[in-house]
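Engineer: Let me give you the structure first, and then I'll get to my questions.
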Amino acid sequence: MNIPNDLKYTKDHEWIKIEGDIGTVGITDFAQAELGEIVYVEVDTVGEELSRDEVFGTVEAVKTTSDLFVPMSGEILEFNQELDEDEGDNPGAINEDPYGKGWIVKIKLSDPGEADDLLDAKAYEELIS
């Protein structure tokens, strides 16, 4: 199971990479493996200000649909065009590369201190063990 050390994690299996006041968000390798083949990703919150743990979209797999929860408060800036059915239409990128080309949204962080409440790689690994 791939759990990069430079990311923060939620108990709901989202990850965030923090660079300055911008966070890139996706779902973990564990989550994509549990979901199975991802066939659709919906994010209609671009431009909205969301609080930590609010739903920012959904991911639909062959087996199920799951809500996506924003790990930190802020404004949703961008939805990954690669995943968007109107653009690249490749939601399978999440299965192939969940921490790279399978990222889902970018967010302008409004409270960087919230990162302290997230899990580091070791704590996330313990959660899924």
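The values are calculated or read from the model by the stated rules, or taken from the named source; none is laboratory data. Bear in mind that the values here come from a model prediction, so they are computed numbers and not experimental data. Here the Cβ is made from the backbone with ideal geometry for all residues, glycine too, and neighbour counts use every protein chain on show.
Engineer: Report, ordered by the first and then the second residue, all pairs with beta carbons closer than 7 Å, sequence separation of six or more or different chains, a first member in segment 54-76 that is under 21 Å from Asn90 (Cα atoms), and a second member that is outside any loop (DSSP other than H, G, I, E, B) and small (Gly, Ala, Ser).
Structural biologist: Within 7 Å, the pairs are Thr58/Ser66; Val59/Ser66; Leu68/Gly57.
Engineer: Cβ-Cβ distance below 7 Å, separation of 6 or more or different chains: which pairs start in segment 36-49 with a residue that is free of Cβ contacts under 8 Å to residues at least 60 places away in the same chain and on the phi > 0 side of the Ramachandran plot and end on one that is among the basic types (Lys, Arg) and surrounded by fewer than 13 Cβ atoms within 10 Å (Cβ to Cβ)?
Structural biologist: Partner pairs satisfying both residue conditions: Gly36/Lys63.
Engineer: Among the residues of segment 79-90, is any in contact (Cβ under 8 Å) with a residue 12 or more places away in the chain and part of a strand (DSSP E or B)? Spell out how you get there, then give the answer.
Structural biologist: The initial filter retains those residues of segment 79-90 that are in contact (Cβ under 8 Å) with a residue 12 or more places away in the chain, namely 79-80, 82-85.
Right, trim to part of a strand (DSSP E or B) and you get 79.
Yes, there is a match, as at least one residue in segment 79-90 is in contact (Cβ under 8 Å) with a residue 12 or more places away in the chain and part of a strand (DSSP E or B).
Engineer: Let me ask you something else. Looking at segment 50-78 only, could you name the residues that are assigned to a loop (DSSP other than H, G, I, E, B) and within 14 Å of Gly26 (Cα to Cα)? I'd like the intermediate steps shown before the answer.
Structural biologist: Taking segment 50-78 first, the residues assigned to a loop (DSSP other than H, G, I, E, B) are 51-54, 62-64, 70-73.
Result: Asp53, Val70, Pro71, Met72.
Engineer: Based on what the data block shows, is Leu83 within 15 Å of Trp15 (Cα to Cα) and surrounded by 19 or more Cβ atoms within 10 Å (Cβ to Cβ)?
Structural biologist: Details: within 15 Å of Trp15 (Cα to Cα): no; surrounded by 19 or more Cβ atoms within 10 Å (Cβ to Cβ): yes.
So Leu83 fails the test.
Engineer: Please list, ordered by first then second residue, the pairs with beta carbon atoms under 7 Å, 6 or more apart or interchain, first in segment 100-129 and at pLDDT 95 or above, second among the polar types (S, T, N, Q) and in a strand (DSSP E or B).
Structural biologist: The qualifying pairs are Trp103/Thr24; Lys106/Thr24.
Engineer: Can I ask one more? Out of segment 101-129, which residues are surrounded by 15 or more Cβ atoms within 10 Å (Cβ to Cβ) and polar (S, T, N, Q)?
Structural biologist: Scanning segment 101-129 gives a single hit, Ser110.
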